[in-house]
Structures are given as C-alpha cells and as structure tokens.
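Read through the structure below, which is laid out as structure tokens, and then see the notes.
Each reported figure results from applying straightforward, stated rules to the coordinates on display, with no laboratory input. Remember, predicted model here, so these are calculated numbers, not experimental data. Neighbour counts run over all protein chains shown; Cβ positions are idealised from the backbone, glycine included.
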Amino acid sequence: FFHDDARGRAADACAKASSRTRAMVWRRAFGDVRRHAAEMARVVIWMTAIKTHVVDLTLCVGPSMMPTFNPSGDVVLVERLSAVKGRAPRRGDVVLATSPTNPTQLVFKRAVGLGGDVIDVPYSYGRNFKLRTRRVSVPPGSVWLQGDNPLNSTDSRDYGPVPEDMILGRAWVRVWPPRAFGTVENSMGVVELVRAGA
C-alpha cells in the first residue's frame, strides 16, 4: 500500500511539473510573439511615415508623359517632403498629384505654371490635332499641370489649374528600367512662360 501511494504522489508531482513547464513554454512563446508583433508594428509605422512624408516609389504608366517616361511604365522615386512642408513645386518639375477628374488616382504631370504666372500653352484644335497656343493666367495658390505629350494628355488644359494642396510630391529619380536610371529633368517643354507670378 505504501509503495503504491508513493508512486501516485510521484506521478502527481510529475504531472504538475509537466503542466508548469507547458505553461512556461506557452507564456514564453506568447511573450516572444508579442515582442515580435510590437517590433513589426514599429517597422510598419516607420515605413508608412517615410512613404507618406519623405520618399515613395511610384509607377508611372501611360503616354501622357512621353518622351520623359516610358508609356509601358517607369518606376520613379518621388520626393514628398517639400509637398508635406507646403512648398510649391518649381516651374518645370514633374510632380505627382491627385487626379482632379478621379480623386482615387494619382497622375504624373509637369508643373509648367505657378500661381500668378502667365503662360502660353499648346492645345489641339479640331480633328487634325494641329497645335496652337493659348495664353493662360494661373490663379494664386494653383499650379498648371501638363503632360509632356501635348497630343495625348489629359491635364490642366482639360480640367484647369490645380490647387497646390493636390500636389503630393516631386518626381526625383527614375529607378526602373535600369537603362534609364537617373534624375528626372526639370524642363518647361513646349510651354512658354510669358510672365512669372509674384
């Protein structure tokens, strides 16, 4: 009888120890998961902050920015810090903006006129697509956006000047395709500045 009792107590002690060990393993594992989740959350927050406020990689697709960008798609590093700080783009900068015709889309266009500027912009006349020029005054607090391909671009000639707060950043470096790697050129293209604003 004494022998069976000792064996039972030993089995109980073993079961309790095993139960404590399992609980410790689960606590340790849960602690590790919690720690890793917190680290991942910090990384995601930092990446989101950098993407939203400093730099971002964006794909530019379509014919409106030919020949600056390839119509089948270029990957562009966009500098967002100046827009976050409320600085207007420079004349001739290629900018990333919220589309005035579809706020869920982003567009790359060239900022060819700033608030107060008077510019001569090309527009197509009739079905033969002959380019003529039209004089435009850009209101204060606005930017005139235009594609580099005037015959195939929906831009400020269609929707008018764009409020500066719709500008999300400046196209800085083309990173893909590798053969075209380099900074994005600042140019006025076919637009002529008649008079600079204040």
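Between residue 181 and residue 159, residue separation times 0.36 nm minus the direct Cα-Cα distance comes to 4.8 nm.
The slack between residue 123 and residue 105, meaning 0.36 nm per residue of separation minus the straight C-alpha distance, is 4.1 nm. Put simply, segment 157-198 fits an ellipsoid with semi-axes of 26, 15, 11 Å; these come from the alpha carbon gyration tensor as the roots of five times its eigenvalues, largest first.
Full extension of the chain segment joining residue 57 with residue 151 gains 31.1 nm, where the gain is 0.36 nm per residue of separation less the Cα-Cα distance. FRET efficiency for the pair residue 81 and residue 188, taken as 1/(1 + (r/R0)^6) with r the Cβ-Cβ distance and R0 = 41 Å, rounds to 0.95.
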